[in-house]
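A.B. asks: Dropping the structure in here first, questions after.
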Amino acid sequence: MNYYYILLGVALAILIILYRKELILRKQFEKENINFKKHESHMILAPFTEAYQYNAEDARFIGDPIHIIQFDNDKIVLGVFLEESGHLTSRQESIKKLIKDGYVSFEIWELKHL
């Protein structure tokens, strides 16, 4: 009979530990999700700041790793927004090099039967 209560106690302790871990993970996820949404909203609004040198109405937010595409009168600009101490990611550096080296193209894909 005592083993039954010990086993029940151990099972209950395990459930409590798992529940607390889930709560911690859930809080971390919510915090990261909020930070991501805040970061993304800053990126969407960035073309409307004084620092942006193009017409914001002609800009389109893409996401990641390239934040924005700007359709100017005589050129198309792909760009990223960095905070003051920010750095390009390795993926962004690779894209920057591909553009610099001329590996950018325009393609059309015909969609049949969506």
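Taken together, the values in this text are just the output of simple stated rules run on the coordinates, not laboratory data. All values reported here derive from a predicted model rather than from experimental measurement. Cβ coordinates were reconstructed from backbone atoms using ideal geometry, including for glycine residues, and neighbour counts include every protein chain displayed.
A.B. asks: What does the net charge come to around F71 if you take all other residues with beta carbon closer than 13 Å to its beta carbon, with K and R at +1 and D and E at -1? Display every interim value, and only then the final one.
C.D. replies: Details: positive: R60, K75; negative: E57, D58, D72, D74.
Around F71, the charge tally is -2.
A.B. asks: Then there is this: For the residues F48, F106, what sequence is obtained by ranking on other C-beta atoms within 10 Å, fewest first?
C.D. replies: So the ranking, lowest neighbour count to highest, is F106, F48.
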